[in-house]
Amino acid sequence: MLRAYRVAAGVALGAAAFLSLPSSALAGPGVPRTWSAWQSDGTAWLAVTADAAPPDGSVIGWRFSVAPDGARGESPGGDLPSFQAVCGRDAAGSGHKRVVVAVDFGDGEADAYPGERAPGQIAPKCVTGAENATAAQLLASTARVRVNAQGAVLAVADYPSREKGGTELTAAAASAAPSGSGLPITLVAAGAGALALLAGGAVAATRRRSRTHA
């Protein structure tokens with residue numbers, strides 16, 4: 001009887017240990033992988049969607065990892081980036097925001113598809129984009145990003161390479177003028193044209209007065 005209890009206890013402990021393993025440790029060649037978006041609250045990563053629009057001062061992260069049974073996947077590894085350390089020296093113009101973007105390509109062995117090698121890690125970057133720029137658009141300001149019809153990120157910097165489809169996403173900064181760019185070029189051109197017309201009119205008026213007095 002005691003032996004039966006010991007066996008049952010061993011099985012229970014083994015099952016608990018198995019379930020406590022990260023999903024990447026259980027990944028097989030056929031287990032799906034995914035890119036997932038996260039936002040820092042200063043102490044931990046919180047899950048967000050690709051179409052979320054983080055406010056100015058945010059720190060967002062993207063991680064490629066295994067996602068068995070439709071699970072979300074794992075949060076970015078390493079230390080949480082500091083907004084002040086990465087973006088503290090950069091200023092955002094009117095209608096723009098500054099957001100730190102961190103990209104984690106995942107564990108090169110556990111998360112990568114068999115036969116693929118993850119790119120080198122990208123250091124967190126300070127991205128300036130329009131106030132309504134989404135997490136995916138901000139990501140596209142750091143690397144080439146392809147998304148599917150639902151807006152989910154398929155590949156970052158062409159990783160994983162097996163994801164051939166999708167549409168390339170426009171970077172956040174392309175949706176509005178860069179920080180400190182001043183007036184739009186169309187207004188500048190129009191102003192220059194108006195000044196040229198005024199200058200031409202003044203010259204013509206001066207010549208007419210000169211001929212009249214002569």
Original post:
Taking 0.36 nm per residue of separation and subtracting the Cα-Cα distance, what length does fully extending Arg72 through Asp41 add?
Top reply: 9.3 nm
Subject >> Full-stretch length increase - Val31, Thr167 - with 0.36 nm per residue and alpha-carbon distance subtracted >> reply: 46.6 nm
Subject >> Cut-off under 5 Å, modelled amide H: who pairs with Ala155 long-range >> reply: Arg146
**OP:** Give the ranking of Glu131, Glu109, Glu163, Glu116 by solvent-accessible surface, highest area first, calculated with a 1.4 Å probe.
**Re:** Glu109, Glu131, Glu163, Glu116
Original post:
Accessible surface of Ser94 in the full protein assembly, 1.4 angstrom probe, to the nearest 10 Å²?
Top reply: 120 Å²
**OP:** Please state, to two decimals, what the Cα-based radius of gyration of region 83-170 comes to when divided by 2.2 N^0.38 Å (N = residues).
**Re:** 1.20
Original post:
So how do Ile122, Ile60 rank on accessible area, 1.4 Å probe, biggest first, that is with the largest at the start?
Top reply: Ile122, Ile60
Original post:
Distance in nm between label sites at Ala149 and Asp56, each 7 Å beyond Cα in the beta-carbon direction?
Top reply: 3.9 nm
**OP:** For region 64-139, with all protein chains present and a 1.4 Å probe, just round the carbon and sulfur fraction of the accessible area to a whole percent.
**Re:** 43 percent
Subject >> Cα gyration tensor shape for region 23-108, rounded if a/c is under 1.5, else prolate or oblate >> reply: prolate
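The values are calculated or read from the model by the stated rules, or taken from the named source; none is laboratory data. Quick caveat: nothing in here was measured; it's all calculated off a predicted structure. Ideal geometry is used to build each Cβ from the backbone, glycine not excepted, and the neighbour counts take in all protein chains shown. For accessibility, only protein heavy atoms count, side chains too; no ligands or nucleic acids. Shrake-Rupley method; radii C 1.70, N 1.55, O 1.52, S 1.80 Å.
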